[in-house]
Amino acid sequence: QVQLVESGGGLVQAGGSLRLSCAASGRTFRSYGMGWFRQVPGKEREFVATIGGSDGSIYYTGSVKGRFTISRDNAKNTVYLQMNSLKPEDTAVYYCAAGESIYRVTTHPDYWGQGTQVTVSS
């Protein structure tokens, strides 16, 4: 079992920055693919970014490329999402996810965090 706890959400003005953190339990963290998804009311949860465990491969959805950066610190069992140049359309609940591979976490994550709210005001 892997437990995920997000932190770092909040309210920020458009153009500002936030950094989300996700602390994971478990001794196999370094082997897991990790990712971030987001969801707004009435819409499906959408993929934001993922990072591989073994080779560190990284993928982003198009709307965040160049603005968001996903990274991980295996010594701290933590994955981060640095969000810059935030836009009102980035407003959502952001969820941390984990999977046994980067493919798995991108398509059908095995584990989810509880979510953290990000609100970007115009």
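The values are calculated or read from the model by the stated rules, or taken from the named source; none is laboratory data. Keep in mind that this is a model prediction, so the values were computed, not measured. Please note: Cβ atoms are built from the backbone with ideal geometry, for glycine as well, and neighbour counts cover all protein chains shown. Heads up: the accessible areas ignore ligands, DNA and RNA and are worked out on the full protein's heavy atoms, side chains in. Shrake-Rupley method; radii C 1.70, N 1.55, O 1.52, S 1.80 Å.
Quick notes on this one:
- Enclosing the Cα atoms of the chain in their convex hull gives a volume equal to 91 cubic angstrom per residue.
- Extension gain, Thr61 to Gln3: 0.36 nm times the residue separation minus the Cα-Cα distance gives 18.4 nm.
- Residues of the stretch 103-122 falling in the label zone of Ser17, defined by backbone nitrogen less than 18 Å from a point 7 Å along Cα to beta-carbon, are 119-121.
- Helical contribution to [θ] at 222 nm, DSSP H n ≥ 4, -39,500 (n - 2.57), averaged over the chain, rounded to 500: -1000 deg cm²/dmol
- Accessible surface computed residue by residue for the chain, with neighbouring protein chains in place and a 1.4 Å probe, gives 52 Å² per residue.
- Gain in span if fully extended, Lys76 to Arg30, counting 0.36 nm per residue against the direct Cα distance: 15.6 nm
- Qualifying trypsin sites (Lys or Arg not before Pro) in the stretch 58-97, where qualification requires a DSSP coil assignment and no more than 14 other C-beta atoms within 10 Å, comprise Lys65, Lys76.
- Ranking by accessible area, most exposed first, for Thr28, Thr116 with a 1.4 Å probe: Thr28, Thr116
- GluC sites (Glu not before Pro) restricted to DSSP loop in the stretch 30-110 with at most 10 other C-beta within 10 Å: Glu44
- The chain - charge dipole about Cα centre, Lys and Arg +1 at Cβ, Asp and Glu -1, debye rounded to 20: 160
- Each Lys or Arg adds one and each Asp or Glu takes one away; over the other residues whose Cβ falls under 12 Å from the Cβ of Arg30, this sums to +1.
- GNM flexibility winner over the chain from Ser63, Ser71, Ser25 (Cα, springs under 10 Å): Ser63
- Label positions at Ser101 and Thr69, each projected 7 Å from the Cα along the C-beta direction, are separated by 2.9 nm.
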